[in-house]
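Q: To start, I am sharing the structure in question, which I have written as structure tokens.
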Amino acid sequence: MVTEEKKSVFRVGNAAFINPVLLASGPAGYGLEYSGMIRLARLGGVVTKTISLKPRAGNPGVRLRETGSGLLNSVGLENVGAARFFGEKLPAILEAGIRPVVSLAAEDWDDYTQLLDETSCHRDVDVVELNLSCPNVERGGLAVGTDPAKVDSYVKEARSRLPGVALLAKLTPNVQDIASLAAAAEGAGADGITAINTVIGMDIDIGKRRPVFRMVRAGLSGPAILPVALEAVWRAARAVKIPVMGAGGISSVGDAMKFFMAGAAAVQVGTAIFYDPGLPERIAEELERSGLPARI
Amino acid sequence: MKGNTKRSYKARVISSERISPSCGVVVFERPEGFPDALPGQFVSVRVSDSTVPLLRRPYSIMDLTGLELALLVKVAGRGSAMLASAGPGEVMDLAGPLGGASFDDPGGDDAVLVAGGTGLAPMIFSARTWKRRGSRGRLYLVHGAASRDESPDSFFEADFDKVFRATMDGSAGFSGDVVALLAKLLDEGRISAPLLYSCGPAGMVRALVERTGDRFKSHHTSLEAVMACGVGACRGCTVPLREGGRIVFKAVCDDGTVFRASDIAWEEWW
Ligand SMILES: Cc1cc2nc3c(=O)[nH]c(=O)nc-3n(C[C@H](O)[C@H](O)[C@H](O)COP(=O)(O)OP(=O)(O)OC[C@H]3O[C@@H](n4cnc5c(N)ncnc54)[C@H](O)[C@@H]3O)c2cc1C
Ligand SMILES: Cc1cc2nc3c(=O)[nH]c(=O)nc-3n(C[C@H](O)[C@H](O)[C@H](O)COP(=O)(O)O)c2cc1C
Ligand code: FES
């Protein structure tokens with residue numbers, strides 16, 4: 001059947017998605033906040049807000065600033081913690097027919113292993129995204145994802161503690177060579193790569209003569225970072241055999257097509273849902289109609 | 001947690017009128033299915049089809065009737081200028097009504113409503129909503145603005161029992177800030193009411209708490225913060241509140257916009 005063949009079903013490890021269009025972790029929270037705005041069950045999936053073992057309050061002060069076609073955020077990984085996520089949020093997400101990808105991060109190794117063990121207790125979870133861009137205490141606040149050796153140990157640990165769960169390693173663009181980090185994740189047993197997380201930036205309040213954000217640094221997202229993301233996906237996709245999910249600045253159907261042409265097997269939409277919540281579904285419909293654009 | 005049902009609508013501009021050099025009132029046709037709203041709730045408007053500006057812009061509901069949705073728009077930058085200059089017939093995407101906490105009806109009590117700048121919008125909606133419901137208490141509006149340009153005359157005067165104005169440059173009403181005016185009115189016994197409602201810049205609300213906090217039984221305030229999602233998802237618009245000795249962050253867009261003013265941990269918020 002022609003229509004069957006055209007269906008753009010997508011897999012990472014053993015996890016299947018009805019289409020290769022997902023919501024990126026963060027902007028959509030736990031998904032349900034957006035259930036009036038987006039028909040979430042029609043998307044390949046929703047990567048839920050990154051959770052840590054314990055709840056996190058997030059950063060004080062201003063958390064958002066619009067830039068030229070971009071958005072700086074300093075949310076600081078505010079999240080409800082593993083217990084409430086698995087106890088309250090996940091059951092509601094599943095009940096709503098949303099396909100979750102559970103995003104995890106940890107500040108140190110102890111928390112990390114406990115969080116993996118907690119996750120392994122939930123048999124509903126068949127795919128996890130490891131947010132390797134979170135500041136790591138043992139690395140003096142640097143992200144795990146900037147060091148291939150750390151990526152190797154973090155992904156290996158997840159591989160052994162979550163057997164049978166598909167693993168996505170989400171990479172930061174704030175590195176010299178994203179290809180080597182993608183390769184490290186693949187070598188350690190990741191089933192897929194997500195690229196990219198936000199680009200580090202800052203802004204200054206000229207009237208107050210001080211940085212806009214208390215933490216000074218913030219993460220840039222939105223159309224402004226698309227070229228950075230596209231190049232990262234292009235290089236990562238050439239460095240590994242596992243599927244790469246492209247994210248970063250997608251704000252039109254055409255933008256998504258660029259990521260597929262660069263070698264992505266799926267895309268994630270983040271910031272764009274703030275102003276155009278219909279975009280992810282339109283991308284999915286276009287793929288349904290025309291099939292996946294061939295890689296160049 | 002239940003799924004959120006808040007969604008966006010296509011809304012057609014019926015009229016757009018300048019009421020002062022920097023402010024306008026934009027009236028939309030109430031979109032089909034647009035739910036009833038409460039005072040303090042807002043809409044977020046996509047002012048452009050392009051990515052400039054990127055985010056939707058939040059606006060308090062100034063009035064909502066069976067047929068119309070009215071916003072008070074001050075030109076503050078590119079996005080607000082686009083909204084203020086939208087002509088009749090133009091269709092914009094707006095999400096709403098947003099906000100999970102609103103101003104409670106004062107019941108039969110008298111109330112003082114303090115507005116800074118376009119903080120006026122939710123006060124007008126409050127007054128109209130309460131009067132439509134038959135609320136009997138007296139409503140005093142104390143409005144502060146930088147100058148006469150931002151303090152349009154008269155279109156809202158009939159909504160309140162008494163209106164007092166302050167302008168920083170003295171071009172209309174009391175010369176000075178709105179908090180000083182309120183303190184003076186209270187001292188002189190020209191107004192007295194158990195309830196205080198406010199909406200305006202954070203600095204104004206903080207000064208109200210510090211200088212007139214003990215004069216009212218309660219003070220509820222509708223806050224502003226830069227917003228992205230408007231539905232509690234992104235956690236970008238948080239305000240720090242003191243809750244049992246701890247600081248907790250609440251989303252202005254979804255846990256608010258209305259909070260008890262005495263709960264706000266001002267020193268944690270800039
Ligand atoms: C709940 C709420 C209700 C509001 N109600 C009204 C109203 O009734 N009438 C009115 O005139 N204004 C209202 N505002 C303020 C209005 O949203 C801003 O003036 C507008 O977003 C400015 O956009 P701009 O592009 O013109 O200015 P910009 O040049 O982008 O910015 C000017 C100022 O507006 C602030 N701002 C920019 N983007 C946002 C955003 N996405 N969310 C919040 N603030 C932002 C910035 O911090 C800056 O200080 C409200 C804001 C909030 C949060
Ligand atoms: C407000 C906000 C919060 C985010 N939170 C997370 C997060 O918790 N975990 C994560 O891996 N990425 C997070 N991101 C990054 C996005 O998932 C995405 O990688 C990035 O924003 C680039 O895509 P975009 O330009 O489409 O938004 C966040 C982004 C934004 C704007
Ligand atoms: S704007 Fe996203 S949580 Fe309030």
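Q: Do you know which residues across the range A:38-79 are among the aliphatic types (A, V, I, L, M) and touching a strand residue (DSSP E or B) at 6+ places or on another chain (Cβ under 7 Å)?
A: The answer is A:40, A:43, A:46, A:47, A:51, A:57, A:64, A:71, A:72, A:77.
Q: Quick check, is residue B:129 surrounded by fewer than 18 Cβ atoms within 10 Å (Cβ to Cβ), of a type in the set (S, T, N, Q) and at pLDDT 95 or above?
A: Spelling it out, it is not the case that residue B:129 is surrounded by fewer than 18 Cβ atoms within 10 Å (Cβ to Cβ), of a type in the set (S, T, N, Q) and at pLDDT 95 or above.
Q: Okay, moving on. Looking at the structure I just gave you, is residue B:164 in contact with a strand residue (DSSP E or B) (Cβ under 8 Å, 6 or more places away or on another chain), of a type in the set (Phe, Trp, Tyr) and within 13 Å of ligand 1 (Cβ to nearest atom)? Walk me through how you get there before you give the answer.
A: Values: in contact with a strand residue (DSSP E or B) (Cβ under 8 Å, 6 or more places away or on another chain): yes; of a type in the set (Phe, Trp, Tyr): yes; within 13 Å of ligand 1 (Cβ to nearest atom): no.
Criteria not met by residue B:164.
Q: Name every residue in the range A:211-239 that is among the basic types (Lys, Arg) and at pLDDT 95 or above, in order of residue number.
A: A:235, A:238
Q: How about the range A:254-264: which of its residues are crowded, with 21+ Cβ neighbours inside 10 Å, under 11 Å from residue A:292 (Cα atoms) and aliphatic (A, V, I, L, M)?
A: Across the range A:254-264, the qualifying residues are A:256, A:264.
Q: Before we move on, is residue A:118 over 18 Å from the mean Cα position of the chain (by Cα) and at pLDDT 95 or above?
A: Values: over 18 Å from the mean Cα position of the chain (by Cα): yes; at pLDDT 95 or above: yes.
Considered against the rule, which asks whether it is over 18 Å from the mean Cα position of the chain (by Cα) and at pLDDT 95 or above, residue A:118 comes out as yes.
Q: Just to verify a result, which residue in the range B:202-254, among those that are of a type in the set (Asp, Glu) and more than 9 Å from chain A (Cβ to nearest Cβ), is nearest to ligand 3 (Cβ to nearest atom)?
A: Applying the filter and picking the extreme gives B:224.
Q: Still on this structure, I have one more. Can you report the number of residues in the range B:1-25 which are surrounded by fewer than 18 Cβ atoms within 10 Å (Cβ to Cβ), assigned to a loop (DSSP other than H, G, I, E, B) and away from chain A (no Cβ under 14 Å)?
A: 3
Q: Now for a different question. Can you give me the ranges of the strands (runs of 3 or more DSSP E) entirely in the range B:196-270 with at least 1 residues that are within 20 Å of the chain's Cα centre (by Cα) and under 18 Å from residue A:214 (Cβ atoms)?
A: Strands (runs of 3 or more DSSP E) meeting the threshold: B:238-243, B:246-251.
Q: Inside the range A:75-92, can you point out the residues that are more than 9 Å from ligand 2 (Cβ to nearest atom) and within 9 Å of chain B (Cβ to nearest Cβ)?
A: A:76, A:88, A:89, A:92
Q: Follow-up question, since we're still on this one. May I ask you to verify whether residue B:184 is over 29 Å from residue B:253 (Cα atoms) and over 18 Å from the mean Cα position of the chain (by Cα)?
A: So residue B:184 fits the description; yes.
Q: For the range B:134-153, does any single residue satisfy the condition of being in a helix (DSSP H, G or I) and closer than 24 Å to residue B:105 by Cα?
A: Checking the range B:134-153: not a single residue is in a helix (DSSP H, G or I) and closer than 24 Å to residue B:105 by Cα.
Q: Could you check the range A:151-185 and list, in sequence order, the residues that are closer than 19 Å to residue A:246 by Cβ, among the β-branched types (Val, Ile, Thr) and in a loop (DSSP other than H, G, I, E, B)?
A: Residues satisfying the conditions are A:172, A:175.
Q: Would you say residue A:190 is away from every other protein chain (no Cβ under 12 Å), assigned to a loop (DSSP other than H, G, I, E, B), within 25 Å of residue A:42 (Cβ to Cβ) and away from ligand 3 (no atom under 16 Å from the Cβ)?
A: Considered against the rule, which asks whether it is away from every other protein chain (no Cβ under 12 Å), assigned to a loop (DSSP other than H, G, I, E, B), within 25 Å of residue A:42 (Cβ to Cβ) and away from ligand 3 (no atom under 16 Å from the Cβ), residue A:190 comes out as no.
Q: Here is a follow-up. Across the range B:26-75, which residue is modelled with the lowest pLDDT among those that are surrounded by 20 or more Cβ atoms within 10 Å (Cβ to Cβ) and polar (S, T, N, Q)?
A: B:51
Q: For residue B:112, work out the one condition from (1) surrounded by fewer than 21 Cβ atoms within 10 Å (Cβ to Cβ); (2) in contact with a Ser or Thr (Cβ under 9 Å, 6 or more places away or on another chain); (3) not in a helix (DSSP H, G or I) it doesn't fulfil.
A: All conditions are met except number (1).
Q: Starting from the range A:50-67, take each residue that is more than 7 Å from chain B (Cβ to nearest Cβ) and list its partners that are within 16 Å of ligand 1 (Cβ to nearest atom) and among the small types (Gly, Ala, Ser), counting only C-beta distances under 7 angstrom and pairs at least six apart or across chains.
A: A:59/A:74; A:67/A:224
Q: Looking at B:182, B:196, B:186, can you tell me which residue is more than 16 Å from ligand 1 (Cβ to nearest atom), more than 14 Å from chain A (Cβ to nearest Cβ) and in contact with a His (Cβ under 6 Å, 6 or more places away or on another chain)? Lay out the reasoning, then the answer.
A: Numbers: B:182 fails: in contact with a His (Cβ under 6 Å, 6 or more places away or on another chain); B:186 fails: in contact with a His (Cβ under 6 Å, 6 or more places away or on another chain).
Matching residue, one of B:182, B:196, B:186: B:196.
Q: Here's another thing I want to ask about it. Can you work out which of the residues in the range A:203-253 that are assigned to a helix (DSSP H, G or I), in contact with a Pro (Cβ under 9 Å, 6 or more places away or on another chain) and touching a residue at least 60 places away in the same chain (Cβ under 8 Å) is surrounded by the fewest Cβ atoms within 10 Å (Cβ to Cβ)?
A: A:225
Q: If you check A:217, A:238, A:209, which single one turns out to be out of contact with any strand residue (DSSP E or B) (no Cβ under 6 Å at 6 or more places or on another chain) and more than 14 Å from every other protein chain (Cβ to nearest Cβ)?
A: A:238
Q: Among (1) outside any loop (DSSP other than H, G, I, E, B); (2) modelled with pLDDT under 95, which single condition is residue B:94 missing?
A: (2)
Q: Tell me which residues, restricted to the range B:255-270, are free of Cβ contacts under 8 Å to residues at least 40 places away in the same chain, within 13 Å of chain A (Cβ to nearest Cβ) and either touching a His at 6+ places or on another chain (Cβ under 8 Å) or away from ligand 1 (no atom under 16 Å from the Cβ) (or both). Quick ask: steps written out before the conclusion?
A: Pass one, the range B:255-270, residues free of Cβ contacts under 8 Å to residues at least 40 places away in the same chain: B:263, B:265, B:267-268, B:270.
From what's left, within 13 Å of chain A (Cβ to nearest Cβ): B:265, B:267-268, B:270.
B:265, B:267, B:268, listed by residue number.
Q: Let me ask another. Going through B:39, B:31, B:53, B:122 one at a time, which residue ends up being within 13 Å of chain A (Cβ to nearest Cβ) and either in a loop (DSSP other than H, G, I, E, B) or under 20 Å from residue B:253 (Cα atoms) (or both)?
A: The match here is B:53.
Q: Still on this model: Please work out if residue B:79 is at pLDDT below 95 and either over 30 Å from residue B:176 (Cβ atoms) or of a type in the set (D, E, K, R) (or both).
A: Against the criterion (at pLDDT below 95 and either over 30 Å from residue B:176 (Cβ atoms) or of a type in the set (D, E, K, R) (or both)), residue B:79 does not qualify.
Q: Would you confirm whether or not the range A:39-49 contains a residue that is crowded, with 24+ Cβ neighbours inside 10 Å, among the polar types (S, T, N, Q), in a loop (DSSP other than H, G, I, E, B) and within 14 Å of chain B (Cβ to nearest Cβ)?
A: yes
The values are calculated or read from the model by the stated rules, or taken from the named source; none is laboratory data. In this text, all values refer to a predicted model and were calculated from it rather than measured experimentally. Counting neighbours? That spans all protein chains shown, and the Cβs are built from the backbone with ideal geometry, glycine included.
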